[in-house]
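This report concerns only the one structure given below.
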Amino acid sequence: MGGRGSIVRIIDFLADPVMRAIYLPGTLAGFCTVIMCGLVSPLVVVKRLGFIGQGISHSAFGGVGVAAMLAAMGVIAIGGAAEFGVIAAFCVAAALGMGLLADRKRTPEDTTIGLFLVGSMAAGALLVATARDRASASGRAPDARSWESILFGSVMNAGNAEVVLAAIVLVVAVVAVLALRRPLLFWAFDEDAARAFGVPTRLIRGALMVLLALIVVTAMKIAGVVLASALLVLPGAIAMKLSARLIPVTLLSIACGIFGLLAGLALSVQQNWQPGPCVVLVMAALFGLAIGWSRWRSGFHARSSR
Amino acid sequence: MTDIAVQLDSVTYTYPGAEAPAIENIHLAVPAGSRLGILGPNGGGKSTLLKIALGLLEPTSGRVTVFGRAPAQARRDGLIGYVPQKVEAELGFPMSVREIVALGATWRLSPWRGTPPAMKARIEEMLALTGAADFADRPIGTLSGGQMQRAMIARALVANPKILALDEPMVGIDAAGQQQFAALLDRIHRTLGLTILIISHDLRAIAAGSDRVACLARKLHSHISPEGLTPQVLAELFSHDLAGISGVTGPVHVHAHRATECCEHDHGDANGGGHAHATGNLTIIAPPMGGGGRSGSGGEGVNRADH
C-alpha cells in the first residue's frame, strides 16, 4: 500500500479546496475519534471488553432509529448535537444496562450483551424504516443517509458540529482517563482484589461504560455502527503486541489509530472505497504485522539465549 | 485502638435463595498481632467468612467488628491488606510488578497528585521485604505463581494495613515456593507485627503461617486456639512427604477440633458444608480445650486417623 505515499496523497487531497470542504471535518472528527479510541483501547483489550464495545456500538443503531423517529415527528433535526444526544443517551442506557447485568452475574455476560445487541439492531431497523415512511407521508424530507453509511460510517457525513462534538468527547475522555487512571488500572488488573481494597468497582465500571458509549457514538461517524468497536479493540491489541509498558502501549495505541485513519482514508480516496472499512482493514493489517513482529522477536530472543 | 483485630459475635450468613446458612453462629475473636489459620473443606464457608470480615458481605445476623469498626469502614480506612487466591494476569498486561504493587497505595491518591516520597519509599521497602524487588521491573504477566504471590503480598502491604488476609495462599505454588512462603510470612510477622489471617483447605498453608488454628465447616470448631495443634505439631506431621502416608490419596483436607466436640453433627451436611471425610482424608483431632492435652511437644495428644 505504501503507507508514506498514501499519507502524502491524502495531504495533497486535502489541499484541494473542494475536497477539503468535503473531507476535512470528517478527517478532524476522525483524528479526535482515533485518539480517544487509542487511549482507552488497551484497557478494553486487557479487560476483555471488546464484545461489550460491540454491544454498545450495535445499540447505537437503536439510538439511530429513535433519533430518526424523533426527526420524522419534527422534534429534532437529523445530524448535529440533538441527534448525537439521542444516540448517546440510548448507548449510555444500553451500556449501563449491560454493565449492571454483567456485574450481577446472574445472566452470563455474553448472553446479556448479545440480547442488547440484537434487540437494538432489530428495534433500530424497524424504527428507521418506519421513520422514513412517516417522513414521506407527512411531507418532511426523509433521512437521506444510506443504510451503508449508518452501518459502515462515512466521513462525508461529518460537518463542523461533529468536529466540535468529537473534540468535546475527546477532552472528556482524556480528563476522565487521567482522573480515574489509578483505580481504573487496579480494577482492570484484578477486579475482585480491587473491591476488597475498597476501590468503588461498580462506579468505575459504570463510568467506563458511559465513556465507551460516548466514544462509540463519536466513532460511528468514521466506522459506522458495525465497525466502531474495531476502533476500540484494534489499536490496543496492536500496541500490546509491540510493548508491555503502560505509557509506550498507550502512545503506540494512539499512533496506530492515527496511522490507520490516515492510511485508511488515503486508500479510500485512491480506490473510491468507503472510508470506514478501509480504516478498519488497515488496522487489521497492522495487527497482522504486529503479530509477525512479536513472533519474530520472541524467536530472536529464544535463538539469542541458546 | 482495640487489642482485638477481628471479632465476630453470633454471625450467621445465608446466601439469598439458599436453604441452609453458609456459616452459622460463628463466634471468633482474633487478637491483634496473632496469626490465625482458618482451615476447612471447599464449600465450608471460609470465603464467606473472609468476605464478611472484609465487609464485602453483610451478615444475615450477628455482629462483626474489625479493630472496633464496621468491616467496610475498616476496609475503606486501609486497615485490611488482602491477598487474593490466584491472580492470572494476561501475558501482555502492560504494567510492571512495581506499578501494580504501587497501586495498592496510590489508588487512593488524588488523580492530580504524584506519589509522595514516603509512599515511594514504603513501596520499595515492601518490594524488598517480600523479595519482589528482584523482579520489580518485569511485566506482571510474566511472573510464576510464587513470584505473583510475593507481588500480591507486597501490594497488600504498601498501604500499611493492620491485618493481612490471605485467601488460599498455596494454590498454584510449587514446592520451593511453599517453603519460601512460610519464611516470608514469618519475616512479615516479625518485621511488621501484623495480624495475619489465612484461610485455606490446605494444611500446609495453615502450618506455614499460623500460630492459631480454627476449623470451619459451616460451624466453627476450636474458635479459640487449640494449643495442641501448634506449628510444631503441624510441622512434624508434614515434615515428611505426604505421599508416604499410608492410605492418603488425593488432596488432604484436615479438620481440627476439640476431641470432646466430635463432628458427627456435620456429617452428610446437605449444603455442601459437611466434612470431607469421604475419600482418603486425614483428620487431626486436637486435645480438648483447657484440658490436659496442651503438650506442645509434638505428636503427643494428637491423633491421626486415615479414613
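Taking the criterion of being within 14 Å of another protein chain (Cβ to nearest Cβ), free of Cβ contacts under 8 Å to residues at least 60 places away in the same chain and not in a loop (DSSP other than H, G, I, E, B), the residues of region B:49-70 that qualify are B:K51, B:I52, B:R69. Among the candidates A:A230, A:A255, the residue that is outside any loop (DSSP other than H, G, I, E, B), more than 16 Å from A:A95 (Cα to Cα), in contact (Cβ under 8 Å) with a residue 60 or more places away in the chain and away from chain B (no Cβ under 14 Å) is uniquely A:A255.
In region A:189-199, how many residues are assigned to a helix (DSSP H, G or I) and more than 17 Å from B:L57 (Cβ to Cβ)?
Taking region A:189-199 and keeping what is assigned to a helix (DSSP H, G or I), we get A:189, A:191-197.
Then keep just the ones that are more than 17 Å from B:L57 (Cβ to Cβ); that gives A:189.
Summing the residues that are assigned to a helix (DSSP H, G or I) and more than 17 Å from B:L57 (Cβ to Cβ) in region A:189-199 gives 1.
Might you check whether a residue that is buried (at least 16 other Cβ atoms within 10 Å of the Cβ), within 25 Å of B:S34 (Cβ to Cβ) and of a type in the set (D, E) occurs anywhere in region B:156-178?
Looking only at region B:156-178, we keep the residues that are buried (at least 16 other Cβ atoms within 10 Å of the Cβ), and these are B:156-159, B:161-170, B:172-173, B:177-178.
Remaining after also requiring within 25 Å of B:S34 (Cβ to Cβ): B:156-159, B:161-170, B:173, B:177-178.
The next check asks that each one be of a type in the set (D, E); those that pass are B:167-168.
Yes, some residue in region B:156-178 is buried (at least 16 other Cβ atoms within 10 Å of the Cβ), within 25 Å of B:S34 (Cβ to Cβ) and of a type in the set (D, E).
Selection of region A:45-73 for residues being under 16 Å from the mean Cα position of the chain (by Cα), assigned to a helix (DSSP H, G or I) and either surrounded by fewer than 24 Cβ atoms within 10 Å (Cβ to Cβ) or without any contact (Cβ under 8 Å) to a residue 24 or more places away in the chain (or both) yields A:G50, A:F51, A:Q54. Of all the numbered requirements in (1) assigned to a loop (DSSP other than H, G, I, E, B); (2) surrounded by fewer than 22 Cβ atoms within 10 Å (Cβ to Cβ); (3) within 14 Å of chain A (Cβ to nearest Cβ); (4) touching a Gly at 6+ places or on another chain (Cβ under 8 Å), B:G33 misses one, and that requirement is (3). Checking each residue in region B:70-110 for being more than 13 Å from A:F189 (Cβ to Cβ), aliphatic (A, V, I, L, M) and within 23 Å of the chain's Cα centre (by Cα) picks out B:A70, B:A72, B:A74, B:L79, B:I80, B:V83, B:A105.
Suppose we filter B:A128, B:A74, B:A118, B:A102 for residues that are surrounded by fewer than 17 Cβ atoms within 10 Å (Cβ to Cβ) and farther than 30 Å from B:A175 by Cβ; which single one remains? Lay out the reasoning, then the answer.
Numbers: B:A128 fails: farther than 30 Å from B:A175 by Cβ; B:A74 fails: surrounded by fewer than 17 Cβ atoms within 10 Å (Cβ to Cβ); B:A102 fails: surrounded by fewer than 17 Cβ atoms within 10 Å (Cβ to Cβ).
Exactly one of B:A128, B:A74, B:A118, B:A102 is surrounded by fewer than 17 Cβ atoms within 10 Å (Cβ to Cβ) and farther than 30 Å from B:A175 by Cβ, namely B:A118.
Restrict the check to region A:236-248 and report whether at least one residue is of a type in the set (S, T, N, Q), within 14 Å of chain B (Cβ to nearest Cβ) and outside any helix (DSSP H, G or I). The answer is yes; a qualifying residue exists. Checking each residue in region B:12-22 for being within 22 Å of A:R195 (Cα to Cα), buried (at least 21 other Cβ atoms within 10 Å of the Cβ) and modelled with pLDDT under 90 picks out only B:A22.
Per this entry, A:R202 is not counted among residues that are at the interface with chain B (Cβ under 9 Å from one of its Cβ atoms), part of a helix (DSSP H, G or I) and surrounded by fewer than 23 Cβ atoms within 10 Å (Cβ to Cβ). Can B:I80 be described as within 13 Å of another protein chain (Cβ to nearest Cβ), buried (at least 22 other Cβ atoms within 10 Å of the Cβ) and closer than 23 Å to A:P248 by Cβ? Answer is no for this residue. Just a yes or no: is a residue in region B:151-167 part of a helix (DSSP H, G or I), under 12 Å from the mean Cα position of the chain (by Cα) and small (G, A, S)? No. Scanning region A:211-225 finds no residues that are at pLDDT below 90, surrounded by fewer than 24 Cβ atoms within 10 Å (Cβ to Cβ) and of a type outside the set (S, T, N, Q).
The values are calculated or read from the model by the stated rules, or taken from the named source; none is laboratory data. Only a predicted model underlies this, so the values are computations on that prediction, with no experimental measurement involved. Cβ sites come from the backbone with ideal geometry, for glycine too, and all protein chains shown count toward neighbours.
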